[in-house]
1. All other residues with a Cβ under 14 Å from the Cβ of B:ILE41 taken together, and with Lys, Arg as +1 and Asp, Glu as -1, what is their net charge?
2. Please enumerate, by chain and number, the lysines with C-alpha under 25 Å from the C-alpha of A:LYS213, excluding those fewer than 8 residues away in the same chain.
3. Select from chain A the helices, each a whole stretch of DSSP H, whose alpha-carbon atoms run 15 Å or more along the helix axis and whose Kyte-Doolittle mean is at least 1.6; answer none if there are none.
4. Calculated from DSSP H runs of 4 or more alone, at -39500 (n - 2.57) each and per residue, what is the 222 nm mean residue ellipticity of chain A, nearest 500?
5. Going Cα to Cα from B:LYS199, which lysines come in below 24 Å? Please leave out same-chain ones fewer than 8 positions away.
6. Contact order normalised by length for chain A, with contacts defined as Cα pairs under 8 Å and 6 or more residues apart; what percent is it?
7. Express in % the proportion of alpha carbon pairs of chain A at distances exceeding 33 Å.
8. Specify the inter-centroid distance of region B:261-290 and region B:109-161, based on alpha-carbon positions, in whole Å.
Amino acid sequence: MKLEIKNAVCGYGNRTVVKDISVSVRSGEILCLLGPNGVGKTTLFKTILGFLKLQGGSIILNGENVTSWTRKKLATALGYVPQAHIPPFPFKVLDVVVMGRTAHLLSFSSPSRKDLAIAENALETLGVGYLKNRIYTEISGGERQMVLIARALTQQPDILIMDEPTSNLDFGNQVRVLQQIKALVEKGIGVIMTSHFPDHAFICSGKVVLMQKNHKFIAGLSEEVVTEGNLQDTYGVDVKIVSSPGRAGETIKSCIPVLAGV
Amino acid sequence: MEAVEDKPEPVKKQYASINKMDRNRVILFSMFILLIAAIFISFIIGRYRIPVPQLLEILKGKLLGMPQTWPAAVETVIFKVRIPRICADLMVGAALATSGATYQGLFKNPMVSPDILGASAGAGFGAAIAILLSFNLVGVQLSSFVFGLGAVILTYMVGSIIGRSSNAILILVLTGMVVSTMFSSFTSITKYLADTDNKLPAITFWLMGGLSSVSTTDIKVLLVPFCLGIIPLFLLRWRLNVLSFGEEEAQALGIDTKTTRKIIIVCATLLTASAVSVSGMIGWIGLVIPHIARLLVGPNYKELLPASFLAGGIFLIIVDNVARSAFTIEIPLGILTSLIGAPFFMYLLIKGRRSWI
């Protein structure tokens, strides 16, 4: 499965936010979108998922243009992990996760035992099987994020689209979520995620699109794109990229802000 | 609600989920039994008391086509007065509660109901104007459906224009109140224009909310929109869970939200309008009953919708029994449901989670 975004123009109504962006992601690959607020990361996401109409260009899945696809068909290929939020009703976690089966069910049916088993399996895969009988509105933010990832996995999509999967999480949960994302990529799922942390691009070590003001963007591998110069251009702050040896002798890169001297 | 367990044993976990399913099934079954019991009791009590043996004898006789050995007056009470009224109680209560539960899921808002969204006031105005123009029963139904739907659409559109912020829940409620007030004023104008000798009393009496004058014909006319509204909702009920997570998530999960929402709004409003055109303004059922049902079986619409249906029917049958037999004169049903509903709503507000508002 390959998702290609070709010369996409995205925006709301008459307003264009993202111009002429081209990227692609395959199964087993991760693409990290970085960039300051308001640069159009969310707009691009919403366009890929079909919430917003494409203003120009094309989105191609396995060689097929998706504009004519039904919601149902699109949902079996693309899974969406929104930022964790609290719904108005206290659903059971398993009931939330099994909603991922919607695209696989007929309009008038509800999930079968098999669907529930797929949902439980998704929770187990992420190591949060113990949550299944808990109430979704009462678990922690990190757990909710895991549940939403499990829901997207239950959709059995080829590509996951994650909107700031680590936002509002404490440090430990951020790392745990990133670890699961990396594991999923290794299992062959394609991931597109947005992040505010350049470090996440290094941790996931895949493709990066650095979106800048005035419709510019830089795409490539994290090593090439996430550089001191590019980050300075994008965010307008001074940063240093440092390397240190990892546990297995590999190089771990990290991004450290340099605060102006007093 | 089941106890929340922290990492229980695998075997125990499995039991817990089986018990939960069984538990809901037992609750729904008990509610069904309660409904049958309520219907049975309703036959007996009233200003004209019918003793149980006589009731059983007549029902058995009618069912088996035996010759009439009982007073004709009793038969008239049972078949021309009690049966239509019990059927109306059941259908109106079930319709209002089901549409209320549906609106709450669709607008992902536990504070809405047919009354709050303006559906009732719109349908009320539609029915009042139809009475003023001397429409027949079907005309009253249609007119109340058209205006009820108009009111809901108006509330929803204005609400979503204003409420892009995080206060969407409260804004929808406030918009609904404004739209309701507007349609109530239209109804007042209708009353003002109505002939004081026959039309005005008819509209006023009907607006107070009651089922004392309901006839077999009313039931037959009510049955069609009732089925047209309730069947699609029951078939689509699991999807209401998904819709309650919001437009974008439902789309990403594979639901064509535009079409599904339209079908659901039309069906829920049809239910409300058909109920209002027969019973007048009976408030609070659509708000309070879904909450009670949620307390009993949880928020999953697979069980919540049947539970709301049953609870709505049981509630209105019982309240109507009180309305017609507690005092020597009949109390208007709408007054009783408000007397019970309003304090219960206060309780919900006090107890409710802060995230509701």
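Nothing in this text is a laboratory measurement; each read-out follows from the coordinates by a stated rule. All values derive from a computational prediction rather than experimental measurement. Cβ: placed from backbone, ideal geometry, glycine included. Neighbour counts: every protein chain shown.
1. With Lys, Arg at +1 and Asp, Glu at -1, the neighbours total +2.
2. Leaving aside lysines fewer than 8 places away in the same chain, those within reach of A:LYS213 are A:LYS6, A:LYS19, A:LYS41, A:LYS46, A:LYS53, A:LYS240.
3. Numbers: long enough: A:113-125 (18 Å, -0.43); A:141-154 (20 Å, 0.31); A:171-186 (23 Å, 0.19).
Sorted by number, there is nothing, because no helix extends far enough and scores high enough.
4. -9000 deg cm²/dmol
5. Candidates past the 8-residue exclusion: B:LYS191, B:LYS220.
6. Computed over chain A, the figure is 23 percent.
7. Percent of Cα pairs beyond 33 Å in chain A: 22.
8. 9
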